[in-house]
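One structure below.
Just so it is clear, none of the values below were taken in a lab; they were calculated from the coordinates. Just so it is clear, the structure is predicted and the values come from calculations on it, not from any experiment. Here the Cβ positions follow ideal geometry from the backbone for every residue, glycine too, while neighbour counts run over all protein chains shown.
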């Protein structure tokens, strides 16, 4: 008796909570990919990419019972909705119900819709074997949900360093040949802005994107548009300074999405390779443009002269004691 109690307590402490608040995420990349291979009759199942949450929806008027980590009745889906066994250690571990001590199931209504989403440790736990299984009862007949899960490694890092070196080289040439400083700054800034907008669109329109991700993308697009207006209509100095501003924007935006270079699965509507390329260009071109923009800023300050007209006007003003 003591062993199941200890195991149940461990489950309650380490198992992830309910997925209700995490279906949309600010994450840009993850390590694991899971899928559903076998689905029992009368049930629709799916795995959410951002956090491997498991969703079940009942099809029809049948009764389906999901068994928990210890084989106990955990969830019950039927025509009246979804019920959670509050006496189940799995329910406590997944935070789908407040735990109750009872040797018998204590069924509590969770939703009038015959649909439920939760984090099940068995899905991610199957990464060691590449397979996960969850037993269910359809009426009195035993069946199972089953699928695959795998860890996806990050891609090689050397292409991103090559791209970074190329933009650093362009910045170095502009610093040595001052006549190229301003046009290069403006060009690098426009490249960084384009990459920033592309990544913003890719992550904002992903099915996993949170509202915070939408707002972030909209802000980045607005700032990029403002900089683009100056690039199109400003003087040479103004264009260069705008390029430096857009470079700083691209650098900041790219660094917030740095995980796409460190994890195997990118949560974007863009293909993974294209999303990583856009983030790399935003960071590399942005850093180069920001550095050059700072040089231009100090150069403008150094050569700034007050208009002569203003000096003459001041001379004409009578001085009163």
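Quick check: convex hull over the Cα atoms of region 192-239, volume per residue in Å³, rounded to an integer? Display every interim value, and only then the final one.
Working: hull volume 2.7 nm³, N = 48.
Output value, Cα hull per residue: 56 Å³.
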Legend entry - Relative contact order of the chain, defined on C-alpha pairs under 8 angstrom at six or more residues apart (%): 19 percent
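Provide the three semi-axes, in whole Å and in decreasing order, of the ellipsoid equivalent to region 81-205 as defined by the square roots of 5 times the Cα gyration tensor eigenvalues. All intermediate terms of the calculation are to be shown ahead of the outcome.
Details: eigenvalues 646, 69, 33 Å².
Semi-axes, largest first: 57, 19, 13 Å.
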Inset, instruction - Mind checking the full-extension length gain between residue 168 and residue 38? Use 0.36 nm per residue of separation minus the Cα-Cα distance, one decimal, nm. - result: 41.7 nm
Legend entry - Mean shadow area of the chain over all directions, Cα convex hull, nm²: 27.2 nm²
Inset, instruction - For helix 2-14, report the angle its Cα long axis makes with the longest principal axis of the Cα atoms of the chain; keep it between 0 and 90° and round to the nearest 10°. - result: 20 degrees
Legend entry - Of 80, 51, 31, the one that fluctuates the most in a GNM where the chain has Cα springs shorter than 10 Å: 80
Legend entry - Rounded to 10°, Cα long-axis angle of helix 211-233 versus longest principal axis of the chain: 20 degrees
Legend entry - Bins of 10 Å from zero: percent of alpha-carbon pairs in region 158-302: 14, 42, 30, 12, 2
Legend entry - Distance histogram in 5 Å bins (all Cα pairs of region 132-209, percent per bin): 3, 10, 10, 11, 13, 10, 8, 7, 6, 5, 4, 4, 3, 2, 2, 1, 0
Legend entry - Theoretical ellipticity at 222 nm over the chain - DSSP helices of four or more residues, -39500 (n - 2.57) apiece, nearest 500: -15500 deg cm²/dmol
Legend entry - Taking the C-alpha atoms of region 111-162, convex hull volume expressed per residue in Å³: 131 Å³
Inset, instruction - Return 133, 124, 113 ranked ascending by Cβ neighbour count within 10 Å, so the fewest neighbours appear first. - result: 113, 133, 124
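Can you sort 132, 107 so the residue with the fewest Cβ neighbours within 10 Å comes first?
107, 132
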Inset, instruction - Using only Cα atoms, tell me the angle between helix 236-256 and the longest principal axis of the chain; keep it within 0 to 90° and round to the nearest 10. - result: 20 degrees
Inset, instruction - Would you give the gap between the C-alpha center of region 200-273 and the C-alpha center of region 118-141, rounded to a whole Å? - result: 39 Å
Inset, instruction - Could you tell me the convex hull volume per residue, in Å³, taken over the Cα atoms of region 221-294? - result: 84 Å³
Inset, instruction - Averaging sequence separations of C-alpha pairs under 8 Å and six or more residues apart, then dividing by the length of region 182-240, give the relative contact order as a whole percent. - result: 46 percent
Inset, instruction - Let me have the relative contact order for region 89-185, percent, based on Cα pairs under 8 Å that are six or more residues apart. - result: 13 percent
Inset, instruction - Fewest Cβ neighbours within 10 Å first, please rank 302, 72 accordingly. - result: 302, 72
